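Novice: Sharing a structure below in structure tokens format, with a few things to ask.
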Amino acid sequence: MSREHKGFVPLSLSEFNTLTSLLSKLLFTQHSPVIIPGEAILGIEAMAAGISAPGRTILNVVTGPYGSLFGKWLERGGATVVEVKVPFDEVVTVEEVAAAIERYKPCALSFVQAEVVTGGSNPAKEILKIARDFNLITVMDSVSAVGGEALLVDEWGVDFVAVGAQKALAGPNGVSAVSISPRGWEFLESNENAPRNSILSLLDMKPSQNGTAPVRVPANIPTLEARALISALTRIEEEGLKQVIKRHELAASSTIAGIKALGVEPWQKDSKYYSTLTTTVQISQEQNLRIDQPMGIVAPGDGELFGHLLRVNHFGANACQQSVEEAIAALAQLLNQDPEHAMKAIRLIWGNKHDQ
């Protein structure tokens, strides 16, 4: 008697096409993205390696640690990097970006859309408009922002944008994507220093640009992670992207209400630019809030921010009332407070604006 062999099933071409189609719809672009065979930091580094070269001046906005890292990668590739850096409890202003463009005449502009490490969100749409006015190549790290706030790639004129799935999309971290405009591909191809035959080569992974379907699945795409991402994107489509973003907005506003009810303040200074994914909490006056290990979705600050703030990571599956209440209850415990008054503030926001 023969036994049917049930082993590993490779990713099919149909599945791969579904993945690229779902990503294009999510990003509001008519162009197929590059599927990155790894965590999104790989795509971010690949963007830096592909665009940087001697003779190119790139304006790099630094509003958090990832902006600093991207600038170092640009310098490694030989580019002249001009920084616009602000304190990490602030976001950059359009006026600061415009002034730097006028002064340094860069060929490209790079920045992070939403900073989950600092709890701030840069005014992406307005920054991109200024960049278009100066005909700059635009490079955006939207790994955290995608699914948590608006990201209209074609309408906004973004030439390079890296996205990940493990934040607002509630997906895997083992596969990601970079969306590249036709103008972005020309910028890559004009750079003789752009990597080839390398894991950092976007050019090696370039999808067909003439509308024809790929003839095979790229060999380096991780199958299980790709399937998990398809599932995550399908869930997003079923719920509706507007509703997913709305959940993140409610999670953020209810978290703010909760921490203020406990007598503590957000770490980010301007409420207009609070991230919908992470709320950062001041701890300078509250020594009880100094923790070394995460408590649920409450985590200490990363790197140089340790000891200055706490993060409430209300993104993805945790963009919901229950997760926010659990986080605020944990903070109340640290502060030796009864959490009920904070819970009322949270429930008021969800009860008024969202059917539970």
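Novice: Net charge near residue 269, counting Lys/Arg +1 and Asp/Glu -1 over other residues with Cβ under 12 Å of its Cβ?
Specialist: Numbers: positive: 272; negative: 89, 90, 265, 270.
Once positives and negatives cancel, what remains is -3.
Novice: Just subtract the alpha-carbon distance of residue 18 and residue 288 from 0.36 nm times their residue separation and send over the number in nm, one decimal.
Specialist: Additional length available on full extension: 92.3 nm.
Novice: Just the Cα atoms of the stretch 157-298: what Rg and Dmax do they give in Å?
Specialist: My reading of the Cα-based Rg and Dmax gives 20.5, 60 Å.
Novice: Another question about this same structure. What is the distance in Å between the Cα centroid of the stretch 231-246 and that of the stretch 47-120?
Specialist: Cα centroid to Cα centroid, the span is 31 Å.
Novice: Just tell me, in residue order, which DSSP H segments of the chain are both 18 angstrom or longer along the helix axis (alpha-carbon based) and at least 0.0 in mean Kyte-Doolittle hydropathy. Numbers along the way, then the final one.
Specialist: Numbers: long enough: 13-27 (21 Å, 0.73); 223-239 (24 Å, 0.04); 241-261 (30 Å, 0.16); 321-334 (20 Å, 0.37); 340-353 (20 Å, -0.39).
Result, helices passing both filters: 13-27, 223-239, 241-261, 321-334.
Novice: Whenever you get a sec, compute what percent of the accessible area on the stretch 5-64 sits on carbon and sulfur atoms (1.4 Å probe). Before the final figure, lay out the partial values.
Specialist: Working: 1300 of 2250 Å².
Answer for the stretch 5-64 is 58 percent, counting heavy atoms of protein chains only.
Novice: Report in % the part of the accessible area of the stretch 82-165 that belongs to carbon and sulfur, leaving out ligands and nucleic acids; probe 1.4 Å. Intermediate results must be reported in sequence, preceding the final value.
Specialist: Values: 1410 of 2750 Å².
Its accessible area is 51 percent carbon and sulfur atoms.
Novice: Hey, another quick one. Provide Rg and Dmax in Å for the stretch 247-356, with only Cα atoms included in the calculation.
Specialist: 12.7, 40
Novice: Would you calculate the separation in nanometres between label points at residue 198 and residue 103, each defined as 7 Å from the Cα along the Cα-to-beta-carbon direction?
Specialist: 3.1
Novice: Can you tell me the relative contact order of the stretch 57-202? Whole percent, Cα pairs under 8 Å, sequence separation 6 or more. Before the final figure, lay out the partial values.
Specialist: Details: 240 pairs, mean separation 25.7, N = 146.
Dividing the mean separation by the residue count of the stretch 57-202 yields 18 percent.
Novice: All other residues with a Cβ under 11 Å from the Cβ of residue 156 taken together, and with Lys, Arg as +1 and Asp, Glu as -1, what is their net charge? Before the final figure, lay out the partial values.
Specialist: Values: positive: 125, 129, 132; negative: 126, 154, 155, 159.
Local charge sum for residue 156: -1.
Novice: Tally the DSSP beta bridges in the chain and give the antiparallel ones as a percent, rounded to 5.
Specialist: On the way: 20 of 38 bridges.
Of the beta bridges lying entirely in the chain, close to 55 percent run antiparallel.
Novice: Leaving out ligands and nucleic acids, and using a 1.4 Å probe, what accessible area per residue does the chain come to in Å²?
Specialist: Details: 16050 Å² over 356 residues.
It amounts to 45 Å² per residue over the chain.
Novice: What FRET efficiency, computed as 1/(1 + (r/R0)^6) with R0 = 41 Å and r the Cβ-Cβ distance, is obtained for residue 216 and residue 237, rounded to the nearest 0.05? Kindly include the intermediate steps, with their values, before the conclusion.
Specialist: Values: r = 26 Å, r/R0 = 0.63.
The calculated FRET efficiency here is 0.95.
Novice: Further question on the same structure: Could you work out the relative contact order of the chain, using alpha carbon pairs under 8 angstrom and six or more residues apart, expressed as a whole percent? The partial results should precede the final answer.
Specialist: Values: 695 pairs, mean separation 64.8, N = 356.
It comes to 18 percent, rounded to a whole number.
Novice: Further question on the same structure: Once label points are set 7 Å from the Cα along Cα→Cβ at both residue 68 and residue 341, what is their separation, rounded to one decimal in nm?
Specialist: Once both label points are built, they end up 3.8 nm from each other.
Novice: Follow-up question, since we're still on this one. Longer than 22 Å from Cα to Cα, which of 167/242; 85/105; 72/105; 260/344; 206/246 are they? Say none if no pair is. Mind dumping the intermediate values first?
Specialist: On the way: 167/242 16 Å; 85/105 17 Å; 72/105 20 Å; 260/344 12 Å; 206/246 34 Å.
Where the Cα-Cα span goes over 22 Å, the pairs concerned are 206/246.
Novice: Using a 1.4 Å probe on the protein heavy atoms, what percent of the accessible area of the stretch 216-356 belongs to carbon and sulfur? The partial results should precede the final answer.
Specialist: Details: 3370 of 7020 Å².
Of the solvent-accessible surface of the stretch 216-356, carbon and sulfur hold 48 percent.
Novice: Please work out which option in [x] 24.2, 80; [y] 21.7, 72; [z] 21.2, 78 gives Rg and Dmax of the Cα atoms in Å calculated from these coordinates, and answer with its label.
Specialist: Computed from these coordinates, Rg and Dmax of the Cα atoms in Å corresponds to label [z].
Novice: For residue 186 and residue 271, what is the calculated FRET efficiency with R₀ set at 35 Å and r taken between the beta-carbons, to the nearest 0.05?
Specialist: Numbers: r = 40 Å, r/R0 = 1.14.
Efficiency for this residue pair is about 0.30.
The values are calculated or read from the model by the stated rules, or taken from the named source; none is laboratory data. On a predicted model such as this, the values are computed, not experimentally measured, just so you know. Positions of Cβ are generated from backbone atoms using ideal geometry, with glycine treated the same way; all protein chains shown enter the neighbour counts. All accessible areas refer to the heavy atoms of the entire protein, side chains included, with ligands and DNA or RNA removed. Shrake-Rupley method; radii C 1.70, N 1.55, O 1.52, S 1.80 Å.
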